[in-house]
Amino acid sequence: MQTAVTLKNEEITYRKVEPADAASLGNICYEAFETISATHNFPKDFPNAEVATGLISMLAPRSDVFSIAAVASDGTLLGSNFLWEADSVGGVGPVTVDPALQNSGIGRELMRMVLDRADDRGLSSVRLVQAAFHNRSLALYAKLGFDTVEPLSNVQGAPIRETMPGYDVRLMTENDIPFTSELAFRIHGHDRQGEVSRSVQMGTGMVVEHNGRITGYTTGVGFFGHSVGETNNDLRAMIAAADGFPGPGFLLPTRNGELLRWCLEKGLRIVQPLTLMSRGMYQEPRGAFLPSILY
């Protein structure tokens, strides 16, 4: 797919992200997030441009991720966006634009394209997580049809390394996937089997067993992992068993005061506020959960 629009007499072309774009788009991704975080005095989402480049390099060739890049007429890359579409609910991000071109309309166009893609694919819902302190992105997403569904707290700190009596946390296997899918569907109204399967392949997926059955799972307690449990005890067990919280930390629904207080009592800290937003179907969770930076 390739389309073009005009921006201040400059023709901007939109096309698929190619692996060769990773370095340039990774640098834009890092600078865009670093600029907005520094402006509001919050920690960086990416420690350096190399990490952001690694993420773009990983996403570009994936068949289950739709990508779109904005390109100037001279070939300069201006920004990018991604739609994770392995499951019935799509996740958006990262969407980034060169900081010098903020408020130029490129971000809106990148969002419009991934939403058109989601509609063409018949996804039941599209979701994203935005920085609560970034008013412009909140306004943009609201105009594009997203509703705020959950305030989030980004939590980070030293690993707790404790076990909870009666809750056994172990590595997830392929045989566990039907049980984790049923659990996710019961709590959220949809499963995330694509993400769960990938976590098994990568060795990051874990399950918690209580009274002889699976009552919770995680694809990784961190920025890009999500977790589901029947109760807060299931989440406590998985958080306490984690060796660390990759990236800026993990995301915890702020309304879950019981679990948030427990995390604070264990020495974890709140890093930044975020907002979970949804366009389309959304079921109020019927259990405990930790979203990823996608949803």
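Taking the condition of being within 16 Å of the chain's Cα centre (by Cα), surrounded by 20 or more Cβ atoms within 10 Å (Cβ to Cβ) and touching a residue at least 40 places away in the same chain (Cβ under 8 Å), how many residues in the range 53-84 meet it?
7
Which one of these does residue 17 not meet: (1) within 17 Å of residue 97 (Cα to Cα); (2) modelled with pLDDT under 95; (3) in a loop (DSSP other than H, G, I, E, B)?
Checking residue 17 against (1) within 17 Å of residue 97 (Cα to Cα); (2) modelled with pLDDT under 95; (3) in a loop (DSSP other than H, G, I, E, B), the one that fails is (2).
Those residues that are farther than 24 Å from residue 269 by Cα and either touching a residue at least 60 places away in the same chain (Cβ under 8 Å) or among the small types (Gly, Ala, Ser) (or both), I need them from the range 130-167; list them, please.
Matches in the range 130-167: 137, 138, 139, 141, 142, 144, 145, 146, 147, 166, 167.
Pick from the range 242-254 the residues that are touching an Asp or Glu at 6+ places or on another chain (Cβ under 8 Å) and more than 16 Å from residue 150 (Cβ to Cβ): which of them is surrounded by the most Cβ atoms within 10 Å (Cβ to Cβ)?
Per the stated criteria, the residue is 248.
Return a yes/no flag: does the range 116-132 have any residue that is in the same structural domain as residue 35 (by TED's automatic domain parsing), assigned to a helix (DSSP H, G or I) and within 17 Å of the chain's Cα centre (by Cα).
Yes, that holds for at least one residue.
So which of 264, 251, 260 is at pLDDT 95 or above, in a strand (DSSP E or B) and not polar (S, T, N, Q)?
251
Does the range 105-124 contain any residue that is farther than 30 Å from residue 15 by Cβ and in contact with a helix residue (DSSP H, G or I) (Cβ under 9 Å, 6 or more places away or on another chain)?
Looking for residues that are farther than 30 Å from residue 15 by Cβ and in contact with a helix residue (DSSP H, G or I) (Cβ under 9 Å, 6 or more places away or on another chain), one finds none in the range 105-124, hence no.
Could you grab me the full set of residues in the range 204-217 that are in a loop (DSSP other than H, G, I, E, B), closer than 22 Å to residue 154 by Cα and in contact (Cβ under 8 Å) with a residue 24 or more places away in the chain?
205
Checking residue 292 against (1) polar (S, T, N, Q); (2) closer than 30 Å to residue 119 by Cβ; (3) in contact with a helix residue (DSSP H, G or I) (Cβ under 6 Å, 6 or more places away or on another chain), which single condition isn't satisfied?
(3)
Being closer than 30 Å to residue 130 by Cα, out of contact with any His (no Cβ under 7 Å at 6 or more places or on another chain) and touching a residue at least 24 places away in the same chain (Cβ under 8 Å) is true for just one of 193, 201. Which residue is that?
Only one candidate qualifies: 193.
Name the residue, out of 91, 107, 145, that is assigned to a loop (DSSP other than H, G, I, E, B), in contact with a strand residue (DSSP E or B) (Cβ under 6 Å, 6 or more places away or on another chain) and not assigned by TED's automatic domain parsing to the domain that holds residue 256.
Criteria check complete, one pass: 145.
Filter the range 272-294 for residues that are surrounded by 19 or more Cβ atoms within 10 Å (Cβ to Cβ) and assigned to a strand (DSSP E or B) and give the result.
Correct list: 272, 274, 275, 276, 277, 278, 279, 288, 289, 290.
For residue 190, work out the one condition from (1) over 21 Å from residue 85 (Cα atoms); (2) not in a helix (DSSP H, G or I) it doesn't fulfil.
(1)
Are any residues in the range 161-218 over 15 Å from residue 289 (Cβ atoms), surrounded by fewer than 20 Cβ atoms within 10 Å (Cβ to Cβ) and of a type in the set (Gly, Ala, Ser), and if so, which ones?
166, 194, 197, 203, 212, listed by residue number.
Which of the residues that make up the range 133-171 are more than 21 Å from the chain's Cα centre (by Cα) and closer than 18 Å to residue 221 by Cα?
Answer for the range 133-171, where residues must be more than 21 Å from the chain's Cα centre (by Cα) and closer than 18 Å to residue 221 by Cα: 158, 159, 160, 161, 162, 163, 164, 167, 168, 169, 170, 171.
Quick one: count up the residues across the range 218-241 that are within 19 Å of residue 258 (Cα to Cα) and either part of a loop (DSSP other than H, G, I, E, B) or polar (S, T, N, Q) (or both).
7
Among (1) hydrophobic (A, V, I, L, M, F, W, C); (2) within 28 Å of residue 79 (Cα to Cα); (3) surrounded by fewer than 19 Cβ atoms within 10 Å (Cβ to Cβ); (4) modelled with pLDDT of 95 or more, which single condition is residue 133 missing?
(4)
The values are calculated or read from the model by the stated rules, or taken from the named source; none is laboratory data. Everything numeric in this text was worked out from a predicted model, so none of it was measured. Methodologically, a virtual Cβ is constructed for each residue, glycine included, from the backbone with ideal geometry; neighbour enumeration extends over all protein chains shown.
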